[in-house]
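What follows draws every value from the coordinates through simple rules; no lab data is involved. Please read these numbers as outputs of a predicted model, since none were measured by experiment. When we count neighbours, we look across all protein chains shown, and the Cβ atoms used for this are built from the backbone with ideal geometry, even at glycine.
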Amino acid sequence: MPRVFSGIQPTGDPHIGNYFGAMKNYVRLGEEYGKNSIYCVVDLHAPTNPNAYDPRQLAARTLEMAVANMAAGLDPEKVIFFAQSHVPEHTELAWLFTVITPVGELERMTQYKDKAQKLESTPAGLLMYPVLQAADILLYKADTVPVGEDQVQHIELTREIARKFNHQFGEMFPEPRAVLAKDALRIPGVDGQGKMSKSKGNTIGILEPLDSIWQKLRPAPTDPARVRRTDPGDPDKCLIGDYHKLFSDLPTIETVYEGCRTAGIGCVDCKKMLMVGITRELTPIQERAAELRADPVRVRDVLAQGAKEARQIAAPVMEEAREKVGFLK
Ligand code: SF4
């Protein structure tokens, strides 16, 4: 059976791009592969980018990301779900990979180049980020990695590291494949300026209060052809049309598409209809999140149990790696 691994950034409030592109996928894969699907809040990665990291917030954000995923349907009874820093084998394996990874390969990584150019001084950890990511995946001998498009280059490097290790020390690791979360690529930001992303500030959070979501949707740009209420438009050229495909039921989508093309409905009506779908989808998630937030001990217990389960896989793999590299027992 395939083994799935995915790392979840502890960024706090996930947005609907994360939800449709990754989180729902985790739930689906969890149903399919059970304890062979391994999800981890990758808190060790957070301090590698000083621009996006605050030590006073890391623990809270890690917990909040756990809450969000559990509220969105990730069932820790079915999958393995934990915080990366609770399983020390991640950093140990990363060190072994560091010694076989050429610096030139790491310097080629697009994400590294993007982040490094915004920093006055580049921490070595930022360069090593993809090595730790390779260790995250290969520590569980995972062969399937659901990722966004921006991570594909890192998964390629993971494959290369696995090949190198196997060649140098003996066959041990599979070469994992990236499974692209295609929906995530198409979800536009609420400002209409390209992909939804936290750094652009154009997100709709899945745990965001519904009235705050409406305050963002009401002024959101629509098809520019609809200058007047009587002008027909094209919902395929409108981000609200895209959102309807995510949140609304089929009859509503048909009504909206027909109404937009014939100027039978106005954009405000259309946005109100979208809010019905958003409310239906997000209300139960927000209610579950409120319950979980009220019981942080339960969430910590879930992560502690997940770390125990993760280590049952990680410890023997690490033992095998130590042996292959030749350390004294
Ligand atoms: Fe967009 Fe809806 Fe207005 Fe059409 S009616 S342009 S889909 S907001």
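Highest mean first, the peptides 63-75, 144-156, 128-140 sorted by other C-beta atoms within 10 Å per residue fall in the order 128-140, 63-75, 144-156.
Report the relative contact order of the chain, percent, no decimals, based on alpha-carbon pairs under 8 angstrom and at least 6 residues apart.
22
Annotation for segment 267-329 versus segment 93-110: alpha-carbon center distance of 28 Å.
With the cut-off at 14 Å, report for segment 208-289 the share of all Cα pairs above it, as a whole percent. So the portion of pairs separated by more than 14 Å is 60 percent.
The relative contact order of segment 1-99 comes to 38 percent, based on Cα pairs under 8 Å that sit 6 or more residues apart. Counting only helical runs of four or more DSSP H residues, what would the 222 nm mean residue ellipticity of the chain come to if each run contributes -39,500 (n - 2.57) and the total is spread over all its residues? Helices in the chain give a 222 nm mean residue ellipticity of -16500 deg cm²/dmol.
With a Förster radius of 51 Å applied to the C-beta separation of residue 254 and residue 78, the computed FRET efficiency comes to 0.90. Computed from the C-beta positions of residue 325 and residue 175 and an R0 of 30 Å, the FRET efficiency is 0.95 to the nearest 0.05. Candidate membrane-span-like segments in the chain, meaning DSSP H helices with Cα atoms spread over at least 20 Å of their own axis and a Kyte-Doolittle mean of 0.0 or above, are 124-138, with no membrane implied. Fully extending the segment from residue 13 to residue 279, taken as 0.36 nm per residue of separation minus the present Cα-Cα distance, adds 94.0 nm. Under a 5 Å amide H cut-off, with hydrogens placed 1.01 Å from N, residue 195 pairs with 189 among residues at least 5 apart or on other chains. A compact globular protein would have a Cα radius of gyration near 2.2 N^0.38 Å; the ratio found for the chain is 1.10. Here r is the Cβ-Cβ distance between residue 56 and residue 230 and R0 is 35 Å; the resulting FRET efficiency, rounded to 0.05, is 0.05. For segment 208-289, the relative contact order is 29 percent, taking Cα pairs closer than 8 Å that sit 6 or more residues apart in sequence and dividing their mean separation by the residue count. Farthest toward the positive end of the dipole of the chain, out of 190, 11, 284, is the Cα of 190, where the dipole comes from beta carbon charges about the Cα centre. Among the trypsin sites (Lys or Arg not before Pro) found in segment 18-98, those both in a DSSP coil and sparsely packed, with 15 or fewer other Cβ atoms within 10 Å of their Cβ, are 56, 78.
The Cα center of segment 40-55 and the Cα center of segment 208-255 differ in position by 35 Å.
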